[in-house]
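**Q** Questions regarding the structure given below will be posed in turn.
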There are 4 protein chains.
Amino acid sequence: MSDAVAVALQELVLANRIMAREGVIDDFGHVSVRHPQDPGRYFLSCSRSPEIVTREDLMEFLLDGTPVDQRGRGVYRERVIHGALYQARPDVGAVVHHHAREVLPFTVVPGLMLRPATHLASVLGHRMPIWDSQAEFGDTNMLVETAAQGASLARAQGDNACVLLRGHGANCAAHSLQAVVFIAIAMRDCAELLLRALPLGTPTYLSDGEIEITRELHLKGAPLTRAWDYRVARAGFRGI
Amino acid sequence: MSDAVAVALQELVLANRIMAREGVIDDFGHVSVRHPQDPGRYFLSCSRSPEIVTREDLMEFLLDGTPVDQRGRGVYRERVIHGALYQARPDVGAVVHHHAREVLPFTVVPGLMLRPATHLASVLGHRMPIWDSQAEFGDTNMLVETAAQGASLARAQGDNACVLLRGHGANCAAHSLQAVVFIAIAMRDCAELLLRALPLGTPTYLSDGEIEITRELHLKGAPLTRAWDYRVARAGFRGI
Amino acid sequence: MSDAVAVALQELVLANRIMAREGVIDDFGHVSVRHPQDPGRYFLSCSRSPEIVTREDLMEFLLDGTPVDQRGRGVYRERVIHGALYQARPDVGAVVHHHAREVLPFTVVPGLMLRPATHLASVLGHRMPIWDSQAEFGDTNMLVETAAQGASLARAQGDNACVLLRGHGANCAAHSLQAVVFIAIAMRDCAELLLRALPLGTPTYLSDGEIEITRELHLKGAPLTRAWDYRVARAGFRGI
Amino acid sequence: MSDAVAVALQELVLANRIMAREGVIDDFGHVSVRHPQDPGRYFLSCSRSPEIVTREDLMEFLLDGTPVDQRGRGVYRERVIHGALYQARPDVGAVVHHHAREVLPFTVVPGLMLRPATHLASVLGHRMPIWDSQAEFGDTNMLVETAAQGASLARAQGDNACVLLRGHGANCAAHSLQAVVFIAIAMRDCAELLLRALPLGTPTYLSDGEIEITRELHLKGAPLTRAWDYRVARAGFRGI
C-alpha cells in the first residue's frame, strides 16, 4: 500500500468516528474518500455504523459500486451516492451522506431554506438544492440504490457543496475529507441555528460577497486544521 | 434452559440497556419478549429501571401476568400491557412501553399527529391511535393495571405498530426484540423531527406507498442488524 | 450520631449528587433534610455546588439559619428558604431550591402556567403559585436572604408542593428526600413537556381526580423506590 | 516567572477548559488574560481549540498583537479582539470571544434583544450592543483581523460587559478570568432561556435596580468562587 493510500485510510477511519462523535451520523449514513492515486476508485466502510468502523472495515470500490476485494463483507446499499458524485465531479475527493437530526426539518417542510447565516456556515455556499425521489421514481423504498437514482441525485446537487434529500437526509461533497467533515458539521450547526432563529424573526443571511470570501478562508489552511485537530481529539482513537 | 430461551434472555437484557442508553426509557417503562417456545408466556424484568436491569432480574410470566417463579421479586404494576398484547396479537413477539420525552407532546395536545415524515419513520406504519384511560375508566391512577384496561388498550392499538396513551406514554409492538427497539427509537426520532418542523410549516409526510415499501425494507435483514449492532456497541455490556 | 441521622446524611449526599446528575441544579441551588429526631433543626451543605458535595460538607442548622457547628465553613446565603419552610410546614421533611433551565421560562413569562399534563407530573399537585420579590421588597439582589423574605416566600408556597420565584427559580417540598427529589425532577420534566407542547396547541391537563389519585400512588411505595434506585445508580458514588 | 504570572497562566488554562466543557466554545473562540504586572501585555493560547489547550500553548502578546516569544507557534487570526479591548478599557483584565450556539440567534435576527431576565443574568448589564462588520467594512471574511476592525468593535462594546457580532458570535469582558467566565456562561444561559420563553409570551426582564444590585453581588466574593470551583471540578485537570 502506498503512503498516500495509508494516509487516506487513516483519515477515513477518523472521519467516520468524528461524524459519530459530533452527532452528524448515528446508525445510518456513511463517509467515503476517493483513491488518492486512481480517480476511478474510492474507499468506503463495509456495512457498519461509523461509530464502530475500524481500519479493517474499509473497502475499495470502482465508481460503479463494484467492490474490488469484498472478502464476504456486507456493503452499504446506498454506495451509489458516492460513486455517482465522484463520476460527475472530478473536483470532489470526499463525500458524506448523513441524516443529521437538525437538518431533517429542512428536508420535509416545503420552502424551508438552509442558507448561511454565520461565517462558519459560509462553507455551505450560495445554494442548496433539494432532491425528491418521488418526482422521478415515484413510490420507492426511499434509498438511493440504482445507477439512475445516483445519477439523478448527482445532477440535482450540481456543483453545490450540499444537497438535501426529501424525507431522508443530505449529501456533502468537497475536495478533501477534512473539508467535507467541516462542511457536514457546519450544515448541522446552521440548521440548528435557523431552527432557533426562524420562530423569532427573519434572519439576516450572509451576503453573496461574504459567502465567497469567508468560504475561501475556511476551506483552506489553518481553520481547517484547527477544527480537524479538535475533532480528532474529541473523537478519540479507540480501536483505531 | 433451551438455547432459544438463552438467546431471548440475552437480547432482552440488551434491549433494556439500549432503551436506557438511547433515552427512550428512563426510570419508568419496560420491555418484554414472548417465550420463543411457549406463546402463552413472556419474559420481563422485575420492577427495576431498564438502565440497571441484569440477567438475574428477568422473570417469566403467564399472559395473565402471573409470575411463574417470583422468588420475592417485585413486579411491574403495568405488566398487563404486555400480556394483553401477546394475547390479542399472535404476530407480536416483543413489546416496549415507554414515556419518551419527545413523544409526550403527542399524547397531550389533541389532534397532534405522529406520522412518518422520513424513511426511517416508515416503521411506525400508516396509523397511530391514541388511547385515553379517561374515556372508558374515568379518573384513575392513570396506570394500566387491570385486565379490562389492558384489553381496552390492546383493542385501541389494533394491528398498528404503536399506540399513544394520553398524558402517559406509548406502546410499540413487533415480531422481534430487534424490530421493536428499532420502532421505539424511530418513534422518538420522528417525534423530535415533527416538534422542530411543525412550527415552521406543514411537513410532507411519506406517501402510503413509501410507508409500505420502506417499512418492509427496514424491519427485515441488513438495516435491522446494522442498527442493532450499533446500539449494542453504544449501550455497552456493563454488568451483563 | 444516631442511625437515623446517619441515614439522613447519607441520603442527603445522594440527593445532592442526583440533583446535579439529572441537571436540576448546576452551580447554584441546594437541598436540605429536616433532622429526623429534632424538628427544630435541619441539615444542608456548606456553600458548595451539589455536584461536589461530600459527607464532610454537611452542616446542621437551627430553623433560624444559625449553624450548630460551623468550623469555618461558608454557608449558603439563601438557607432561610429551608428554615422558613420547616417552620411553616410541620409536614415537610425535605426541601430543594433550584434554577432548572426548563422551569425558568415559567418564572419570567406572566401567566404561563406549569400544570400537570402527565401521570408523573401529578406530584406537582393542583396549584403552583409564583412569588415575586419585587412586589413586597422592591429592587433587591433577588436572593431570599432575610427572615422576612423567607417567611413571605413560605406563605406564598402555602401547602403546595412547589412555588416559582420570578426571574430566579423554584422551591419543592415533601415529606422525605426521596419524595422531594422525585418532585423536583417531575417539575423539570413537566416544564420541558409544556415548552414543547404549548407552541403546537392547548394541552389536555390532568383532571383534579387524576392528580389526586396518581399523586398518592407515586409519592408512596414502589414507584418512589424504583426511581430513587435508578437515580442513585446513575449519579454514582464518587467521593461518597 | 513571578507567582502572579504563574497563577494567571494556570487560571487561563482552566478557563479554556471550562469554556469547552460548558459548551460555550467549541472549535473556534478563545479566552485571554491581561498580564498581571504589565498592562501593555496579555496571555492567549496559540492557535488551538480551548478543549485541548495546555500550559505550553500559552503565549504572551503586546497589545498590538505582536507575539513576544513565538517559537514557531501559530497564532489566532482574531487576537486583535483582545488587544483592542485591553487598549480601550483599563478596567478589563480578561476577555472571552465565543460563538455559543444559543447566543447566535441574537446575532442574526434583527431587533432580537438579549436582556437579563434572571438574577444570574444580571451580570450581562443594562445594554448589549451589536456590531456588524458589514456596516463599516463591507464584504469581508467576517473575522476581526485588522487594527481598524478591532478598534471599531471595541468602540461598539463601549463600557458594556458583552457585545454581539452579527452572524458571528460575541465578546465578553470583565476585571478577572473568573468573572468573564461567569459572564460568558450567564450569557449563554440567558440566551437559552429567552429562546424558550419568547415564543410563549413577553418575558418580565429585571428592573434597572435589580440589575445593578444583583450584578454587584455576583461578580464579587462567594458566588464567583462557588461557581468557579464547580466548573473547575467539572472541566477536570486532564493534561494540565
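Residues are listed down the side, and each one gets a yes or a no for (1) under 20 Å from C:ILE211 (Cα atoms); (2) surrounded by fewer than 18 Cβ atoms within 10 Å (Cβ to Cβ); (3) touching an Asp or Glu at 6+ places or on another chain (Cβ under 9 Å):
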| residue | (1), (2), (3) |
| --- | --- |
| C:LEU112 | yes, no, no |
| C:HIS126 | yes, yes, yes |
| C:TRP131 | no, no, no |
| C:THR146 | no, yes, no |
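**Q** Restricting the search to segment B:19-37, which residues are within 24 Å of B:GLY72 (Cβ to Cβ) and away from chain C (no Cβ under 14 Å)?
**A** The answer is B:VAL31, B:SER32, B:VAL33, B:HIS35.
**Q** Yes or no: segment D:96-115 includes at least one residue that is closer than 28 Å to C:PHE28 by Cα, part of a helix (DSSP H, G or I) and touching a helix residue (DSSP H, G or I) at 6+ places or on another chain (Cβ under 7 Å).
**A** Among the residues of segment D:96-115, at least one is closer than 28 Å to C:PHE28 by Cα, part of a helix (DSSP H, G or I) and touching a helix residue (DSSP H, G or I) at 6+ places or on another chain (Cβ under 7 Å), which makes the answer yes.
**Q** Among the residues of segment A:208-228, write down those that are of a type outside the set (Phe, Trp, Tyr), more than 7 Å from every other protein chain (Cβ to nearest Cβ) and part of a helix (DSSP H, G or I).
**A** Passing the criteria: A:ASP208, A:ILE211, A:GLU212, A:ARG215, A:GLU216, A:HIS218, A:PRO223, A:LEU224, A:THR225.
**Q** Touching a Gly at 6+ places or on another chain (Cβ under 9 Å) and among the hydrophobic types (A, V, I, L, M, F, W, C): which single residue out of C:VAL109, C:VAL68 fits that description?
**A** Going through C:VAL109, C:VAL68 in turn, the sole match is C:VAL109.
**Q** Quick check on this structure: which one of D:LEU44, D:LEU58, D:LEU62 is closer than 21 Å to D:ALA170 by Cα and at pLDDT 95 or above?
**A** D:LEU44
**Q** Right, next: Could you run through segment C:131-146 and say how many residues are within 8 Å of chain D (Cβ to nearest Cβ) and out of contact with any helix residue (DSSP H, G or I) (no Cβ under 7 Å at 6 or more places or on another chain)?
**A** 3
**Q** Go through (1) assigned to a strand (DSSP E or B); (2) farther than 30 Å from C:PRO36 by Cβ and name the single condition C:VAL163 misses.
**A** (2)
**Q** Considering only segment D:113-130, state which residues are touching a strand residue (DSSP E or B) at 6+ places or on another chain (Cβ under 6 Å) and within 13 Å of chain A (Cβ to nearest Cβ).
**A** Selection gives D:ILE130 alone.
**Q** Across segment C:190-202, what is the number of residues that are more than 7 Å from chain B (Cβ to nearest Cβ) and either modelled with pLDDT under 95 or within 19 Å of C:ALA161 (Cβ to Cβ) (or both)?
**A** So the answer is 3.
**Q** Follow-up. Test A:ALA186 against the criterion of being within 11 Å of chain D (Cβ to nearest Cβ), touching a Phe, Trp or Tyr at 6+ places or on another chain (Cβ under 6 Å) and in a helix (DSSP H, G or I), and give yes or no.
**A** no
**Q** Of these, A:SER176, A:SER133, A:SER152, A:SER122, which one is under 16 Å from A:ALA88 (Cβ atoms) and of a type in the set (Ser, Thr, Tyr)?
**A** A:SER152
**Q** Report yes if some residue within segment A:205-218 is of a type in the set (A, V, I, L, M) and either touching a Phe, Trp or Tyr at 6+ places or on another chain (Cβ under 7 Å) or under 23 Å from A:LEU63 (Cβ atoms) (or both); otherwise report no.
**A** No - not one qualifying residue is present in segment A:205-218.
**Q** Something else about it: Need pairs with beta-carbon distance below 7 Å; first residue at pLDDT 90 or above and surrounded by 20 or more Cβ atoms within 10 Å (Cβ to Cβ) and within segment C:222-236, second among the charged types (D, E, K, R) and assigned to a helix (DSSP H, G or I); sequence gap 6+ or separate chains.
**A** Cβ pairs passing all conditions: C:TYR230/B:GLU51; C:ALA235/C:ARG17; C:ALA235/C:ARG21.
**Q** Which numbered condition trips up B:TYR205, out of (1) in contact (Cβ under 8 Å) with a residue 12 or more places away in the chain; (2) at the interface with chain A (Cβ under 10 Å from one of its Cβ atoms); (3) buried (at least 20 other Cβ atoms within 10 Å of the Cβ)?
**A** Exception for B:TYR205: condition (3).
**Q** May I pose another question? Within segment D:83-111, work out how many residues are without any contact (Cβ under 8 Å) to a residue 24 or more places away in the chain and among the hydrophobic types (A, V, I, L, M, F, W, C).
**A** Count: 1.
**Q** Is it true that some residue in segment D:133-143 is of a type in the set (A, V, I, L, M) and in contact with a Phe, Trp or Tyr (Cβ under 9 Å, 6 or more places away or on another chain)?
**A** Among the residues of segment D:133-143, not one is of a type in the set (A, V, I, L, M) and in contact with a Phe, Trp or Tyr (Cβ under 9 Å, 6 or more places away or on another chain), which makes the answer no.
**Q** Can you pull out the residues in segment B:147-182 that are β-branched (Val, Ile, Thr) and within 14 Å of another protein chain (Cβ to nearest Cβ)?
**A** Within segment B:147-182, B:VAL181 is the sole residue that qualifies.
**Q** For A:ASN141, which of the numbered conditions (1) in contact with a Lys or Arg (Cβ under 7 Å, 6 or more places away or on another chain); (2) in a loop (DSSP other than H, G, I, E, B) fails to hold?
**A** Against the list (1) in contact with a Lys or Arg (Cβ under 7 Å, 6 or more places away or on another chain); (2) in a loop (DSSP other than H, G, I, E, B), A:ASN141 comes up short only on (1).
**Q** Residues in segment B:95-105: is at least one away from chain C (no Cβ under 13 Å) and either under 15 Å from the mean Cα position of the chain (by Cα) or surrounded by fewer than 24 Cβ atoms within 10 Å (Cβ to Cβ) (or both)?
**A** Scanning segment B:95-105 turns up at least one residue that is away from chain C (no Cβ under 13 Å) and either under 15 Å from the mean Cα position of the chain (by Cα) or surrounded by fewer than 24 Cβ atoms within 10 Å (Cβ to Cβ) (or both).
The values are calculated or read from the model by the stated rules, or taken from the named source; none is laboratory data. All figures in this text were calculated on a predicted structure; none of them were measured in a lab. Using ideal geometry, Cβ is built from the backbone for each residue, glycine included, and neighbour counts are taken over all protein chains shown.
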